[in-house]
1. Looking for whichever is hydroxyl-bearing (Ser, Thr, Tyr), modelled with pLDDT of 95 or more and at negative phi here; the options are 398, 442. Which one fits?
2. Report, ordered by the first and then the second residue, all pairs with beta carbons closer than 8 Å, sequence separation of six or more or different chains, a first member in segment 299-310 that is touching a residue at least 12 places away in the same chain (Cβ under 8 Å) and at positive phi, and a second member that is in a helix (DSSP H, G or I) and surrounded by 21 or more Cβ atoms within 10 Å (Cβ to Cβ).
3. Yes or no: segment 424-447 includes at least one residue that is closer than 13 Å to residue 69 by Cα and β-branched (Val, Ile, Thr).
4. Residues that are surrounded by fewer than 22 Cβ atoms within 10 Å (Cβ to Cβ): find the strands (runs of 3 or more DSSP E) completely inside segment 20-92 holding 3 or more of those.
5. Within segment 470-559, which helices (runs of 4 or more DSSP H) (wholly inside it) include 2 or more residues that are in contact with a His (Cβ under 7 Å, 6 or more places away or on another chain) and closer than 27 Å to residue 311 by Cα?
6. Would you be able to tell me the number of residues in segment 358-393 that are under 30 Å from residue 186 (Cα atoms), crowded, with 23+ Cβ neighbours inside 10 Å and at pLDDT 90 or above?
7. Listed residues 245, 180, 207; which is touching a residue at least 40 places away in the same chain (Cβ under 8 Å) and farther than 29 Å from residue 423 by Cβ?
Amino acid sequence: MRFGPFILDAGRRTLTRDGRRIALRPKSFDVLCQLLAAAGEPVSRDEFAQAVWQGITVTDESLSRCVSDIRQALDDEAQDIIKTLPRRGYVLAVPVSEAAETIVAKVAAEKRPPWIIGRGRPALLALVGGVLACLLLVGIGVWQKMASGDAQQERPSIAVLPFTNVAGDKEQDYFSDGLTEDIAVRLSKFSELFVIANESASSFKGTTDLRGTARRLGVRYLLLGAVRRDQGQLRVSARLVEAETGVQRWADLYERPPADVVALQDDLARRIVGVLLSRITQVELERAERKGPRSLGAYDFFLRGRALLASVDSSPTAAEYGRRLLSARRALNEAVRLDPGYAPTLTALSDTYNRAWLVSNNEAELADEFQSPVASDEALALAERAITADPTLPEAHSQLAWVLHWRQRRLDALSAFRRAADLNPNMADGRYALALAHAGRSEESIAMLGQIFRLDPLHRPIYYSYLANSYYLAGRYQESLEASRTAVDRLPAVYQARVWHAAAAARLGLEDEAKAAASATLRLRPNFTISRFLASIALAQSDDEARLHEGLRKAGLPE
């Protein structure tokens, strides 16, 4: 079936554009089939439940997640292809090619499973029915696995545990940790792998209970290793273990000059993927490659800066927040001085400026950057430099999207986030979800955060604040309150978490809790006003802004 520039082959369960295959989770693919079968007519949640979930009650979050997946796959951030009809469901807003009629004629005689909705043009309906009938012929076990919606279970799953620093010098831990993270990032760029986010895997540093660790992370394989730096040589040992059986599937020892560390990381990623997957295309291998800095000195500073940046959110005070952020920037500036063209360093450095713009702190060198156009401009310029240096680096596109979001360039930001997700299918970036919420798509945001939390069970604590934000804008105040309570506990220096806490508590009539949260907001941000906050986040929907304004007013925050 052809619709717009896309071709859906239901028999092969593929979606393509200009000959390029587009990945979709099984449930999302079935939802898209149902929209095509309806041929321009609205499809309600109950009808989706009957057709796709076989009559099982389906939550709004599950359906919203599928629709969000499809929109991302179709690059339909503006919702020109699939439109939401409030209280009615969804509708395909583009015509389906008449050429599809001749294709479906070949399968029109197939018996349709009883759960397919009988609407739309008969030929298109027959196609969808025939496809699901064929799926049953392939085997009930395969169909049930696809119907579970857990697409990651269909792929080899792996966690890269922190490599051990054999030298025992705690000052060098940053190097072994950084090496671990870079290997995980490279692996996650392969769409055939499900890779647990590094933030979750890193909490199992030093574990000896491999089976228990794998069970908690929900993976089939573990990569373990050790790093030693001495006498001018870098020695890395790595082994791949099948967690349930304890069988070592692969092991190797590498000894290289330290300046060759990036080539070493790429080589490790290639070898591991070769063990786990039977087929890897050259294109995917090239996607996982990254140009490295010309000197280990630059890479050292990059790793130090990135480690400091990762610790910023959990700072106990605003002063500590600023101290860590400034230390990260200094290290990253030194890395840029030594190697001006290394895209990951430029990306991280951009983030230091955007964070200083976004969160007030007491560090003298950064205090003037809060809400400063100069800081925002620098963040934008660095993100654009990173993309110029390496257009295939997903983190660079994601960072550009984040800067554009706060500059209130909504569609450009969502497009850049989508590009990042295309480059790295396993990217667990909650900032994308927040951008969706502010764009008036809170249910999609909640669904995306749910997926991120599964992909990264020990995700960044700031994501709880994003979740509180999304729940509040969806009118789900109790859930927003619960998420915001967790957020304020884990983000002592981030005033935005207190804002959502205050608004949700006020909406639920919890007057004392709302006022306490409002007081905490003002302690962290003494000149906070509702109008200034609303202007900074610039919600796309006036109803969302009105609900937030009312919650903050009830909490007692100044207008």
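The values are calculated or read from the model by the stated rules, or taken from the named source; none is laboratory data. If you're wondering where the values come from, they're calculated on a predicted model, not measured in any experiment. Neighbour counts are summed over all protein chains in view; Cβ atoms, including those assigned to glycine, are modelled from backbone coordinates with ideal geometry.
1. Unique residue meeting the criteria: 398.
2. none
3. Yes, there is a match, as at least one residue in segment 424-447 is closer than 13 Å to residue 69 by Cα and β-branched (Val, Ile, Thr).
4. The qualifying strands (runs of 3 or more DSSP E) are 20-22, 82-85.
5. 477-490
6. Result for segment 358-393: 4.
7. Only one candidate passes the filter, namely 207.
One line per residue, one yes/no per condition, for (1) buried (at least 21 other Cβ atoms within 10 Å of the Cβ); (2) modelled with pLDDT under 80; (3) part of a strand (DSSP E or B); (4) among the β-branched types (Val, Ile, Thr):
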site	(1), (2), (3), (4)
202	no, yes, no, no
216	no, no, no, no
227	yes, no, yes, yes
235	no, no, yes, no
